[in-house]
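Engineer: My questions will all concern the structure given below.
The values are calculated or read from the model by the stated rules, or taken from the named source; none is laboratory data. Keep in mind that what you see is a predicted model, and the values were worked out from it rather than measured. We place every Cβ from the backbone using ideal geometry, glycine too, and count neighbours over all the protein chains shown.
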């Protein structure tokens, strides 16, 4: 299972969804849906922009744990 840590990273950096979207040059709804876990996938371009805006790696944004 892949766990989405986008909301935790945004919170740790004391940013808002709107600030993150602006820095990443993404639509507000895109970041909102990732923040609240309402997506089932992510585009590599979006991933790249989020990593830039949050100064992190894809490994920071998502955590893999095996299904039991």
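Engineer: Identify, please: which residue in region 1-23 is closer than 24 Å to residue 65 by Cα and over 12 Å from the mean Cα position of the chain (by Cα) and is, among those, modelled with the highest pLDDT?
Structural biologist: 12
Engineer: In the chain, which helices (runs of 4 or more DSSP H) lie fully inside it and hold 3 or more residues that are free of Cβ contacts under 8 Å to residues at least 40 places away in the same chain and surrounded by 12 or more Cβ atoms within 10 Å (Cβ to Cβ)?
Structural biologist: Answer list for the chain: 6-12, 17-24, 28-35, 44-54.
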